[in-house]
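Participant: My questions all concern the structure below.
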Amino acid sequence: MRLILIRHGQTASNLAQALDTAAPGAPLDETGMAQAEALVERLGADELDAVFSSTLLRAKMTATPLAQARGLVVAEHVGLTEISAGDLEMRNDPESQLAYSDAFVGWLSGDLRAKVPGGEDAQTALDRFDAVVQDARNSGTGKLAVISHAAMLVTWLAIRSNNFDPTLLSPLPLNNTGVVTLEGVGSSGWKLRSWQDRIL
């Protein structure tokens, strides 16, 4: 199975550095809409069997042009939503940013029970994301595009890919509409093939 993971396009919450993780979330701004449209050409002639999206508005808006260009309908899945910021939702003060960042670093280091107050731990988030991907795999989906969120995608990639390199996260973990491609390799899990236009 080929898995194409895509972060949503830019929103006003991104620019404000607000911890926007709850539904429905901010829509794409003008730049984000242009990024979503550009995805169609960036992915070229790659055939897709399905386009899945988080249920948050920005992810659905990012997925729509790609799905339409491939003659597909976006399938929304709550399991693909962002890892919850809990009591810090929509805050952008330095203390809140640091708290969520500390939890994120913990997740990447293997502390899957780390979370912010009132938030979600990474193990719970990984389980729900895994379930969506596994259902697609079980149904025979060969090439799947998934539009989701930065913390969710990077945490999943760090834990589930067998050749993840933390240096890929520099200077930024995952840009808006950043694309990461993986191949399922049976019992040994997932192998990264490309990271934001960089072939691995």
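Participant: Can you give me the three principal axis dimensions of the chain from its C-alpha atoms, in Å, biggest first?
Facilitator: Taking max minus min along each principal axis of the Cα atoms, the chain gives 44, 40, 29 Å.
Participant: Continuing with the same structure: Express in nm, to one decimal, how much length is gained between LEU169 and MET1 on full extension, taking 0.36 nm for each residue of separation and deducting their alpha carbon distance.
Facilitator: Using 0.36 nm per residue and subtracting the Cα-Cα distance, I get 58.0 nm.
Participant: Still on this structure, I have one more. For TRP190, list long-range residues whose amide hydrogen, built 1.01 Å from N in the peptide plane, is under 5 Å from its own amide hydrogen.
Facilitator: Counting only residues 5 or more places away or on other chains, the set is ASN162, VAL185.
Participant: Return the long-range amide H neighbours of VAL179 (sequence gap of 5 or more, or a different chain), with a cut-off of under 5 Å between placed amide H atoms.
Facilitator: Those lying under 5 Å, H to H, from VAL179 are GLN196, ASP197.
Participant: Using a 7 Å offset from the Cα along the Cα-to-Cβ direction at both MET33 and ARG198, what is the distance between the two label points in nm, to one decimal?
Facilitator: Spacing of the two 7 Å Cα→Cβ label points: 3.2 nm.
Participant: While we're here: From the residues LEU98, TRP195, THR21, which one has its Cα farthest along the dipole of the chain in the positive direction, the dipole being from +1 and -1 charges on Cβ of Lys/Arg and Asp/Glu about the Cα centre?
Facilitator: Farthest towards the positive pole: TRP195.
Participant: Determine the per residue accessible area of the chain with all protein chains present and a 1.4 angstrom probe, expressed in square angstrom.
Facilitator: Per residue, the chain has an accessible area of 45 Å².
Participant: Across the Cα atoms of region 38-134, what radius of gyration and what greatest pairwise Cα-Cα distance (Dmax) are found, in Å?
Facilitator: Considering region 38-134 through its Cα atoms, Rg and Dmax are 16.1, 45 Å.
Participant: How much net charge surrounds ALA125 when only other residues with a Cβ under 11 Å from its Cβ are counted (Lys, Arg +1; Asp, Glu -1)?
Facilitator: Neighbour charge sum, excluding ALA125 itself: -3.
Participant: Mind listing the phi-derived Karplus ³J(HN,Hα) values for region 120-130, rounded to whole Hz, using 6.51, -1.76 and 1.60 with θ = phi - 60°, and x for any glycine or proline?
Facilitator: Per-residue couplings from phi come out as 10, 7, 5, 4, 4, 5, 4, 4, 6, 5, 4 Hz.
Participant: Moving on. Using amide H atoms built in the peptide plane, which far-off residues or other-chain residues are under 5 Å from LEU200 H to H?
Facilitator: Result for LEU200 returns SER194, TRP195.
Participant: I'd like the Karplus ³J(HN,Hα) series for region 176-183: coefficients 6.51, -1.76, 1.60, θ = phi - 60°, whole numbers in Hz, and an x wherever there's a Gly or Pro.
Facilitator: Ordered by residue, 3J(HN,Hα) equals 4, 6, x, 10, 10, 10, 10, 10 Hz.
Participant: Calculate how many DSSP beta bridges within the chain are antiparallel, expressed in % of all such bridges and rounded to the nearest 5.
Facilitator: Beta bridges within the chain, antiparallel portion: roughly 50 percent.
Participant: Moving to a separate point now. Starting at the first residue of region 82-99, write each ³J(HN,Hα) from the Karplus equation 6.51 cos²θ - 1.76 cosθ + 1.60 with θ = phi - 60°, in whole Hz, x for Gly and Pro.
Facilitator: Working through the residues one at a time gives 5, 5, 4, 8, x, 5, 9, 3, 6, 7, 9, 6, x, 5, 5, 4, 5, 4 Hz.
Participant: Return the tail of the calculated pair distribution for region 60-103, meaning the percent of Cα-Cα pairs more than 11 Å apart. List each step's numbers first, then the result.
Facilitator: Values: 690 of 946 pairs.
Counting every Cα pair in region 60-103, those more than 11 Å apart make up 73 percent.
Participant: Take the solvent-accessible surface of the protein heavy atoms, probe 1.4 Å, and return the percent of it on the chain that carbon and sulfur atoms account for.
Facilitator: 52 percent
Participant: Now a separate question. Let me know the charge dipole size of the chain about its Cα centre in debye, to the nearest 20, where only the beta-carbon of Lys, Arg (+1) and Asp, Glu (-1) is charged.
Facilitator: Its charge dipole is roughly 560 debye.
The values are calculated or read from the model by the stated rules, or taken from the named source; none is laboratory data. Since the model is a prediction, treat every value here as computed from it, not as a measurement. Because the Cβ atoms are built from the backbone with ideal geometry, glycine has one as well, and the counts that use them run over all protein chains shown. All accessible areas refer to the heavy atoms of the entire protein, side chains included, with ligands and DNA or RNA removed. Shrake-Rupley method; radii C 1.70, N 1.55, O 1.52, S 1.80 Å.
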